[in-house]
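Down below is the structure, laid out as structure tokens.
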């Protein structure tokens, strides 16, 4: 299914709550935080869309604001979709998709570990890559490297 | 005093060449000497074993084994041994100190003690017991106690797993292995190795001197099946190849000898190769005709004890030295020594061939799981060995 | 003989319930240093004797801050870092990154460079599957297949040495093409390798695939249903072994893969159920044959022409984002690149196939023996470099 | 081969460093030293020599692969560059039975306490080989790698540094020779009991 048909179908389902991102490259659909769950349920369970494969969750810090980008793909219809959710810098919280896609569990833990996003109702939101007593979220633009860790100078 | 020694060490003690009926002190000295000889033999087996294992593994894997340390890498096991001697004597903090020290000793004794009954050639045996097979199987269980101790003592989870696995494995391979021996004992009619090999020399199906055909395997289909059951049980008892679960390299880090280092680990190492030679020699004697092998034995003289041999051949010699020379050059002694040597070559040759197959099996087959070991031994080998024993009994009843 | 774990666990529970058999579950640390954890993976296993109740994989021991570095260095400097992610198939990682950047720049790549990239990527796939074959045999206790696998892999490494000068991390695919051309000698070496690989492939089968003990240790173990595989985001041989015939080289062809015909091996459950450990192993072995076919076709129809496009010294990508998935030996690997017309990327996020493949370990390791946990993790064929990034 | 007698001790010392496995040349070197009463610190008594020879020729490395260098370490153990030829092929899984810890790959802050604990679990005469640029000084991750330890000699003593990313198998084997030469000139008994050596 071409991106334009996808966009029309989604727009019909969610009138004027979705906006089309303008950058070049892959087409992204901007979604608000509170109707993220509704959109994801729709695109997962609708037979014509059937996005059953959550490919990637990436946490992005564009210097001004945070955004969380979801890549979906459907094995039956062989088409992809990209959703972006923008969050405020002070308290980036968004609902967790781990109940719908099992892979979201680890991917969201990594976003929390790297960028400090707080996913609601995530089964166990704790650091996955960095040691548990590491302070700060390294992928933020304003992150300073720690001087030393457990006594070992940098 | 005489009958006490004879009762202890065998019915026809008279032909035991190294236990002449003399004072108790002489017996102890001679037996410690024999013990040292056997210890040197087990150490030699572990030296040959490590060298053969690494060279054969290298050859089978398309690479060269150790070949730079000394001539063709022959000094490699010696270098390993000295290095292990020089390592730090390390006992983990949480370990049960005494059990930790005792375990390798027990494991090594569990392998060394059965060598007392194992003949190297017709008369070259430490003590020719009437109950040799029973003695060997009994003391092999001592090794298992040692490994369980080694598993529990260092208070590490991996060695605990190794010890538990060996307990499960020992329970499952002992019974079919024992039943496989029952088949041979039924035919040979005795537990003594001399009788068993003598049984394999008796004429069979009209052939007067069945050199190779007389071997245990070809005696009857029951023995043929018992051979394979016994060898598989032997592999499991020596913790080799598909059954090396107690020290599974890829699962349990190093199984029961995870926490052992230095000379204690060397004891486990020597015990493993000692057990390998013990099992292969045992299989060679019971099923492959022992010293009655491909090379024909020269007509040995009737069994006579060393002392009797000494008196007849050195009568009338003044000095002790000339008596020795006369004794050595006496024709009857030469033929006996010749028989010993050829017997030794036959037996050791067969045992080393089985030794090589164990190494060969190790570097080809993957490891099986612990419940599959129990399934194989209890649900497959056990009924098979029972049928073999039944078949043997029926065959004996029919034959006479 | 499938060990009936549910019945066994229930018996143990009601025995302990009656109070006469007090069993305690212990936490075993298959720690970061373990012969069969393929690198620095820590598996905390909650076991009841040999039976595993839970297995919690802990990663992050090799987190080398790739994404922070990718934001701090220019586009061209990132390529050597992509080599060090999945260090067993580094050609494929660099290819995935370079294709993403070229797609964002909308530049045309010469056909010869595309064909060379396909040859080199498939050769590296074979090398990676040989390592997977060897280490999986090592996990089940067979030492010799590991050496056989490395013997063939050395042939590939010598080819790569002539091409790129390095044995393991090549920095060979560059933005705009490849570093060096395939001359006659290298083409002859590749054909010789294809011949030896076809001759020794049955040897591997005789050694491991048809081995009864190997089949008993890997059939019906670690079965992953198709929905579980998709829900946990499994990709690559693990997904195809579950019966989902999805291969990015066919579904979303890149770098002229559409010009070659090859089929996608999927799990049929020949030795046990569909997508048990044996199937994952067998899918990888069949993929070696498929890759040989691709290399042969690519070598035969190698077009003439340039191998590298002329590009400005400082690359400034147009503002925008791109995600181009590629078929890595372990699964779908792609780089989500966001650029805003600067010499350095705003954000580069990498999809690591092993990261998602590993996340299913806790679900399928329940009620199996400790030896099977090792077999399951071995069959998933994970590389810690790309999990921890 | 010119006969060894007229060779000076230095030449023999150099040869024995480059080829410690050759027992004969090593003993000749000792004989010449004893005759010419060279400086006492160089004098190594025969017992030390025997222990050094056995330790040098039977180094059991610990299977401790972290990252890309681990794959090269595996390749060194495989067919083309067989490490077992020098007696160092028996990769032991437990630190208790290993003499040489080859740290092959990037050591991160999360992995650092484990590496230190493994080093402490190894029984004495233990040696550490820092394989690869990452272990020597952080390698390619030195500048921006916030989670990478810049060189393992910050927390464990290192005997041999093997540069390269990843170092070639030949470099690893050459490092093993250097380590063997280093062991060959240790004096364990003298350190332990103050006997032998400069007696």
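Kindly indicate which of C:168, C:163, C:208 is crowded, with 20+ Cβ neighbours inside 10 Å and closer than 30 Å to residue B:369 by Cα.
C:208
Specify which of the listed residues (A:107, A:87, A:97) is touching a residue at least 12 places away in the same chain (Cβ under 8 Å) and under 29 Å from residue D:143 (Cβ atoms).
On the way: A:87 fails: under 29 Å from residue D:143 (Cβ atoms); A:97 fails: under 29 Å from residue D:143 (Cβ atoms).
Of A:107, A:87, A:97, the one residue that is touching a residue at least 12 places away in the same chain (Cβ under 8 Å) and under 29 Å from residue D:143 (Cβ atoms) is A:107.
Taking residue B:274, is it under 25 Å from the mean Cα position of the chain (by Cα), part of a loop (DSSP other than H, G, I, E, B) and touching a residue at least 12 places away in the same chain (Cβ under 8 Å)?
So residue B:274 does not fit the description; no.
For region B:117-127, does any single residue satisfy the condition of being assigned to a helix (DSSP H, G or I) and away from every other protein chain (no Cβ under 14 Å)?
Yes, region B:117-127 has at least one match.
Go through (1) touching a residue at least 24 places away in the same chain (Cβ under 8 Å); (2) facing chain B (nearest Cβ under 7 Å) and name the single condition residue D:54 misses.
For residue D:54, the exception is condition (1).
Name, by its number, the condition in (1) modelled with pLDDT of 90 or more; (2) surrounded by 22 or more Cβ atoms within 10 Å (Cβ to Cβ); (3) away from chain B (no Cβ under 14 Å) that does not hold for residue D:156.
Result: residue D:156 passes all but (2).
Yes/no per residue for (1) outside the structural domain of residue C:376 (by TED's automatic domain parsing); (2) under 18 Å from residue C:382 (Cα atoms):
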site: C:42; (1), (2): yes, yes
site: C:47; (1), (2): yes, no
site: C:52; (1), (2): yes, no
site: C:70; (1), (2): no, no
site: C:75; (1), (2): no, no
site: C:79; (1), (2): no, no
site: C:82; (1), (2): no, yes
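Could you tell me whether region C:163-182 includes any residue that is in a helix (DSSP H, G or I) and without any contact (Cβ under 8 Å) to a residue 60 or more places away in the chain?
Within region C:163-182, one or more residues are in a helix (DSSP H, G or I) and without any contact (Cβ under 8 Å) to a residue 60 or more places away in the chain.
Identify, by number, the condition in (1) at the interface with chain B (Cβ under 9 Å from one of its Cβ atoms); (2) farther than 22 Å from residue D:178 by Cβ that residue D:108 doesn't meet.
With respect to (1) at the interface with chain B (Cβ under 9 Å from one of its Cβ atoms); (2) farther than 22 Å from residue D:178 by Cβ, residue D:108 is out only on (1).
Looking only at residues in region A:53-74 that are at pLDDT below 90 and facing chain C (nearest Cβ under 9 Å), which one is farthest from the chain's Cα centre (by Cα)?
A:63
Considering each of B:214, B:178, B:234, B:206 in turn, give the residue that is touching a strand residue (DSSP E or B) at 6+ places or on another chain (Cβ under 7 Å) and either over 25 Å from residue B:110 (Cα atoms) or modelled with pLDDT of 90 or more (or both).
Values: B:178 fails: touching a strand residue (DSSP E or B) at 6+ places or on another chain (Cβ under 7 Å); B:234 fails: touching a strand residue (DSSP E or B) at 6+ places or on another chain (Cβ under 7 Å); B:206 fails: touching a strand residue (DSSP E or B) at 6+ places or on another chain (Cβ under 7 Å).
One residue alone meets the criteria, B:214.
For region B:313-325, what are the residues that are surrounded by fewer than 16 Cβ atoms within 10 Å (Cβ to Cβ) and at negative phi?
B:315, B:317, B:318, B:319, B:320, B:321, B:322, B:324, B:325
Could you identify the single residue in C:224, C:230, C:264 that is out of contact with any helix residue (DSSP H, G or I) (no Cβ under 7 Å at 6 or more places or on another chain) and either assigned to a helix (DSSP H, G or I) or modelled with pLDDT of 90 or more (or both)?
Of the residues listed, the single one that is out of contact with any helix residue (DSSP H, G or I) (no Cβ under 7 Å at 6 or more places or on another chain) and either assigned to a helix (DSSP H, G or I) or modelled with pLDDT of 90 or more (or both) is C:230.
Would you point out which residue out of D:130, D:88 is within 11 Å of chain B (Cβ to nearest Cβ), buried (at least 21 other Cβ atoms within 10 Å of the Cβ) and either in a loop (DSSP other than H, G, I, E, B) or touching a strand residue (DSSP E or B) at 6+ places or on another chain (Cβ under 7 Å) (or both)?
Just a single option satisfies the conditions, and that option is D:88.
Taking residue B:190 as the residue in question, decide whether it is touching a helix residue (DSSP H, G or I) at 6+ places or on another chain (Cβ under 8 Å) and in contact (Cβ under 8 Å) with a residue 40 or more places away in the chain.
Yes: the conditions hold for residue B:190.
Is it the case, given these coordinates, that residue D:143 is over 25 Å from residue A:131 (Cα atoms), out of contact with any helix residue (DSSP H, G or I) (no Cβ under 7 Å at 6 or more places or on another chain) and surrounded by fewer than 21 Cβ atoms within 10 Å (Cβ to Cβ)?
The answer is no for residue D:143.
Which one is surrounded by the most Cβ atoms within 10 Å (Cβ to Cβ) among residues in region C:66-107 that are without any contact (Cβ under 8 Å) to a residue 40 or more places away in the chain and under 13 Å from residue C:350 (Cα atoms)?
C:81
Can you tell which of C:200, C:235 is assigned to a loop (DSSP other than H, G, I, E, B) and either closer than 17 Å to residue C:144 by Cα or within 14 Å of chain A (Cβ to nearest Cβ) (or both)?
Only one candidate passes the filter, namely C:235.
When region B:65-74 is examined, which residues are found to be crowded, with 23+ Cβ neighbours inside 10 Å and more than 7 Å from chain D (Cβ to nearest Cβ)?
Within region B:65-74, B:73 is the sole residue that qualifies.
Which one of D:38, D:23 is within 14 Å of chain B (Cβ to nearest Cβ) and either modelled with pLDDT of 90 or more or surrounded by fewer than 18 Cβ atoms within 10 Å (Cβ to Cβ) (or both)?
Being within 14 Å of chain B (Cβ to nearest Cβ) and either modelled with pLDDT of 90 or more or surrounded by fewer than 18 Cβ atoms within 10 Å (Cβ to Cβ) (or both) holds for just one of D:38, D:23, which is D:23.
Are there any pairs with C-beta distances below 7 angstrom linking a residue in region C:295-311 that is closer than 17 Å to residue C:190 by Cβ and outside the structural domain of residue C:262 (by TED's automatic domain parsing) to a residue that is in a loop (DSSP other than H, G, I, E, B) and at pLDDT 90 or above, with the two at least 6 apart or on different chains, and if so which?
Cβ pairs passing all conditions: none.
Confirm whether residue B:58 is part of a helix (DSSP H, G or I) and facing chain D (nearest Cβ under 8 Å).
Yes.
The values are calculated or read from the model by the stated rules, or taken from the named source; none is laboratory data. Worth saying up front: this structure is predicted, and the values here are computed from it rather than measured. We place every Cβ from the backbone using ideal geometry, glycine too, and count neighbours over all the protein chains shown.
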